[in-house]
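Values in this text are rule-based calculations from the coordinates and carry no lab data. Here the structure is a predicted model, which means the values were calculated and not measured. All Cβ positions, even for glycine, are placed from backbone atoms using ideal geometry, and neighbour counts span all protein chains on display.
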Amino acid sequence: MLFEGTAWAQAAAGQAASPSFFEQLMTGPGPIMALVVAVMYFLVFRPQNKKAQELGKMLAALKRNDEVVTTGGIIGRIHEAGDKVITLEVAPNVRLRVERSQIASMSSHKAPAKKDDK
């Protein structure tokens, strides 16, 4: 019985000296997690958000005769641009309708100059 009494006394003494929340945050896994979150933000989330904003601006600025590439890799010239659907001319008199969100980028491909038959 005497042994049980000393165990309770030691347990009570150990509980009285618990560190504060700030001390636990600074000495525990908190600083490491904060560092991981900061690195992820600057290396992943921020660049991805900037790229999405640039793509949104590009999609909003599309107009007739712009040459674009779809997410499927089709290169075409915009024949008609609606709010949701864009009609691409991929060859003379060959037109495809695609959703505006499926436009990946402006094309860097230069179409050959048209020859004038004189």
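For the reader, a short list of remarks on this structure follows.
- Annotation: extensible slack from SER108 through VAL39 equals 21.5 nm (criterion: 0.36 nm per residue apart, minus Cα-Cα distance).
- Virtual spin-label span in nm between GLU67 and SER18, 7 Å along Cα→Cβ: 7.0
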